[in-house]
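Below you'll find the structure, written out as structure tokens, and then a few comments.
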Amino acid sequence: MLSAHNIPWKYYGGGFTADGTTSPFNGSYCNICNPFEYEANYPSMVADHMRDVTDLFTDLENGTLPAVAYVKPDGTMDGHPASSKWDLFEAFAENIIELAQSNPQLWAETAILVTVDEGGGYYDSGFIQPVDFFGTGPRIPMIAVSPFSTGGHVSHAYNEHSSFVKFVERNWKLGGTLSERSRDNLPNPVQGGSNTYVPGNMPAIGDLFDLFNFDHHR
């Protein structure tokens, strides 16, 4: 959808250029973590849209970041206990944020959403919404870092990974959803009542816009 609207985007995967080489980082790239590799036309995407995380650092320093960027650290930096440490992931995210903030022109129009893919294995007593056959799952953190962030705000809206897709669709006015059965078809949650975490219009998933105030720039 972004490509159809001529909006530049890239997926930056750690170890992407080292994969299959003699580099010590060979094997650290997570191919199953790249959702675009499941697209039938993936080979034609590579030249314009697939990059290594090292290319992200260059784009941040040069101010050549595309409008939308997905970033996935390699196995040594992703915080998973089998191959990494959480403080390495924190340092990875901190470096990206500091590089973006060091370029005032870039930072003035940037939002960085930091999240993870798993809940850590601990029991979660929070409400889990039955959005489809699979449901969702244990809660995970997401942090918004931006000049447009409301700052110190904890969102009570029911969000999940597809919320980022909904954010992109709304922010860039793409005028559509990924498919008829994809979760970005679900409406934004109506909150209220005795439990603000439970949407009154289930199934519903937020679009993350409550994390920002685009009328004010800080």
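The values are calculated or read from the model by the stated rules, or taken from the named source; none is laboratory data. Quick caveat: nothing in here was measured; it's all calculated off a predicted structure. Cβ: placed from backbone, ideal geometry, glycine included. Neighbour counts: every protein chain shown.
Some values worked out for this structure:
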quantity	calculated
Candidate set from the range 26-57 (those that are polar (S, T, N, Q) and touching a strand residue (DSSP E or B) at 6+ places or on another chain (Cβ under 9 Å)); member that is nearest to D117 (Cα to Cα)	N34
Residue check for S179: farther than 15 Å from D132 by Cβ and part of a loop (DSSP other than H, G, I, E, B)	no
Checking E109 against (1) under 30 Å from D48 (Cβ atoms); (2) assigned to a loop (DSSP other than H, G, I, E, B); (3) in contact with a strand residue (DSSP E or B) (Cβ under 8 Å, 6 or more places away or on another chain), the condition it does not meet	(3)
Filter pass, F148 being surrounded by 13 or more Cβ atoms within 10 Å (Cβ to Cβ), assigned by TED's automatic domain parsing to the domain that holds L211 and in contact (Cβ under 8 Å) with a residue 24 or more places away in the chain	yes
Single residue of P189, P138 found to be in contact with a Phe, Trp or Tyr (Cβ under 7 Å, 6 or more places away or on another chain) and either surrounded by 12 or more Cβ atoms within 10 Å (Cβ to Cβ) or part of a strand (DSSP E or B) (or both)	P189
Every pair of residues 6+ apart whose Cβ atoms lie under 7 Å, when the first sits in the range 1-24 and is hydroxyl-bearing (S, T, Y) while the second is surrounded by 17 or more Cβ atoms within 10 Å (Cβ to Cβ) and in a loop (DSSP other than H, G, I, E, B)	Y11/N34
One residue from G75, G79 being in contact with a Ser or Thr (Cβ under 6 Å, 6 or more places away or on another chain), over 26 Å from W172 (Cβ atoms) and either in contact (Cβ under 8 Å) with a residue 24 or more places away in the chain or assigned by TED's automatic domain parsing to the domain that holds C30 (or both)	G75
Sole residue being in contact with a Pro (Cβ under 9 Å, 6 or more places away or on another chain), closer than 21 Å to C33 by Cα and outside the structural domain of A204 (by TED's automatic domain parsing), chosen from G119, G126	G119
Residues located in the range 10-33, provided they are within 22 Å of K166 (Cβ to Cβ) and surrounded by 18 or more Cβ atoms within 10 Å (Cβ to Cβ)	K10, Y11, Y12
Options E61, E98; residue that is surrounded by fewer than 13 Cβ atoms within 10 Å (Cβ to Cβ) and either in a strand (DSSP E or B) or out of contact with any strand residue (DSSP E or B) (no Cβ under 7 Å at 6 or more places or on another chain) (or both)	E98
Some residue of the range 199-215 being more than 15 Å from the chain's Cα centre (by Cα), more than 22 Å from V71 (Cα to Cα), outside any loop (DSSP other than H, G, I, E, B) and in contact (Cβ under 8 Å) with a residue 24 or more places away in the chain	yes
Count of residues meeting criterion [more than 15 Å from the chain's Cα centre (by Cα) and at pLDDT 90 or above] in the range 184-198	7
